[in-house]
Amino acid sequence: MSMWQDFDLTERQRELVGIIGEIGPAFRERADVNDRDATFPYANYDDLRDAGMLALCIPSQYGGLGADYESYFYVASEIGRYDPATALTFNMHSCSMLWSGPLADDLPMTDDQRREHETNRAAMYELVTDRRAVFAQPFSEPHTQAATGKAPFGTTAKRVEGGYRVNGMKHFASLAGAATHYSVLCTEETSADGTLDARDTIMLAVPGDAEGFAVVGDWDTLGMRPTVSKSLKIDDVFVPDAHQIMPRGVYFQAATNWPHMFLTLTPAYMGLSQAAYDFTVAFLRGEVEGAKGVKRGSPMKQYAVAEMRMKLEQSRAMFLQAARDARHNPSKDARMRAYVANYTVMENANDICRLAIRTCGGTSIMKKFPLERFYRDSRCGSLMLPWSAEACIERLGKESLYEKGEKD
């Protein structure tokens, strides 16, 4: 049964979520091995591709499934219920489709930019629908707030005949080595003195086999190990004009005026929260194979499960509201609810897992059960940029006390 079975979804949304219900159990079976070895879930992506899910957020006129922002939330969280790491990497791929599709349609562009964008995104979508492409979306860089549009990216693009020369380094690049293309956010060098401006940000699809492009570093982490989020070194890589995913300046407009674009990581953790709760209930009822179970009549166990359920429903309520609030130029309150939703889902995920382990007892930390993996994966959520838990708190406090442009 879907985690959204009891909610008011459209018939199409139920159909899309139902596809995950068919292929998801295999994800769950593979999760432990991929976690142990920190290996990318290639088999899961084969299943997603065969089911048409890699084209989930590609508009229907380009041969995709045409899912909107809210529908993506339902599907991605359902993937997260079976395997959070696969859901997290699925976000990186889907965002390139979502940002260049429905989100870009809301953003102001000149007529020339719009025509160029239509041509470029049609070619990108064809790579996915017809040529089995998988897109990563690396934007994290050390010591910068570029991802949220507050500073220029350190990765730069210099205009040359027919395209750009790109140089820089990206960190925590999920799907590193597994993706066929990398949607690299970089700042175009437009100033004679070398000064960079965040408004000149562009998004370029860099092929994984491009000369000068390399996956570097190790990936041996606490959690979300199958994301294989190594670093990328981009050394004078040529990227043709046709690989421009978002025109110069459009990403800056999105980061400023379509803030819910940064909320797309949360479905993985919403699904994880549901999975941890479901496991705990099944464990205490004696329904988990290989476990003796614990007496469910214990008041302490019942209290803990009640607390878990309250946190789960708090997360779900904020999650749903944020998905439905998402739009170009949302109200200030809607934007602040998005911060609250992100913070709540990420922090509650780890707290639900903490309660699950304490309540199920020592047996539950065995590697043959998923709780210890859920706990490790869930702890990573509040660190994830651009809206880490600290960033959400900072933004909420500042925007509660200051209107735009106000100073002391």
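What residue among Ile23, Ile202, Ile58 has the largest mean-square fluctuation in a Gaussian network model of the chain, using Cα springs under 10 Å?
Ile23
So which residue, out of Ala391, Ala282, Ala304, gets the largest mean-square fluctuation from a GNM of the chain using Cα contacts under 10 Å as springs?
Greatest mean-square fluctuation among the candidates belongs to Ala282.
May I have the pair-distance distribution P(r) for the stretch 262-408, computed from all Cα-Cα distances with 5 Å bins from 0 and rounded to whole percent?
For the stretch 262-408, the pair-distance distribution reads 2, 10, 18, 18, 16, 12, 9, 7, 4, 2, 1, 1, 0.
So for the stretch 89-217: antiparallel DSSP bridges make up what percent, rounded to the nearest 5?
75 percent
Return the loop-located chymotrypsin sites (Phe, Trp or Tyr not before Pro) in the stretch 1-81 (DSSP other than H, G, I, E, B) with at most 16 other Cβ atoms within 10 Å of their own Cβ; answer none if there are none.
Those that pass, being in a loop and sparsely packed, are Phe7.
Pick out which of Arg335, Arg354, Arg285 has the largest mean-square fluctuation in a Gaussian network model of the chain, springs linking Cα atoms closer than 10 Å.
Residue with maximal mean-square fluctuation among Arg335, Arg354, Arg285: Arg285.
How big is the stretch 168-244 in terms of Cα radius of gyration and Dmax, in angstroms?
13.9, 44
Using amide H atoms built in the peptide plane, which far-off residues or other-chain residues are under 5 Å from Gly208 H to H?
Result for Gly208 returns His181, Tyr182.
Please give the direction-averaged projected area of the C-alpha convex hull for the stretch 1-108, in square nanometres with one decimal.
7.1 nm²
How many Å³ per residue does the convex hull of the Cα positions in the stretch 43-85 occupy?
Dividing the Cα hull volume of the stretch 43-85 by its residue count gives 63 Å³.
Expressed in nm², what is the orientationally averaged projection area of the convex hull enclosing the Cα positions of the stretch 299-351?
3.6 nm²
Taking amide H positions as placed 1.01 Å from N in the peptide plane, with prolines and chain starts having none, which residues 5 or more places from Lys230, or on another chain, fall under 5 Å of its amide H?
Ala173, Ala176
So what is log10(I(q)/I(0)) for the chain at q = 0.11, 0.12, 0.14, 0.15 1/Å, when the Debye sum runs over its Cα atoms only?
Debye curve over Cα of the chain, log10 I(q)/I(0) at q = 0.11, 0.12, 0.14, 0.15 Å⁻¹: -0.79, -0.94, -1.27, -1.45.
Filter the chain for me: DSSP H helices, axial length by Cα at least 24 angstrom, mean Kyte-Doolittle hydropathy not below -0.5. List them by residue number.
Length and hydropathy pass: 266-284, 332-360.
Sticking to Cα atoms, compute the Rg of the stretch 62-159 to one decimal and its Dmax as the biggest Cα-Cα distance, whole number, in Å.
Spelled out, the Cα radius of gyration and Dmax of the stretch 62-159 are 15.3, 44 Å.
On average, how much accessible surface per residue is there in the chain, in Å², for a 1.4 Å probe, leaving out ligands, DNA and RNA?
43 Å²
In the structure displayed, which of Lys158/Lys233; Lys292/Lys367; Lys332/Lys398; Lys150/Lys230; Lys230/Lys368; Lys150/Lys398 lie more than 22 Å apart, Cα to Cα?
Lys150/Lys230; Lys230/Lys368
Quick one: net charge of Leu175's neighbours, Cβ under 15 Å, K/R +1, D/E -1?
In short, +2.
Can you quote the Å³ per residue value for the convex hull of the Cα atoms in the stretch 151-291, rounded to an integer?
145 Å³
The values are calculated or read from the model by the stated rules, or taken from the named source; none is laboratory data. Nothing here was measured: the structure is a model prediction, and the numbers come from that model. Neighbour counts run over all protein chains shown; Cβ positions are idealised from the backbone, glycine included. When the accessible area is computed, the model is the full protein with side chains, heavy atoms only, and any ligands, DNA or RNA have been set aside. Shrake-Rupley method; radii C 1.70, N 1.55, O 1.52, S 1.80 Å.
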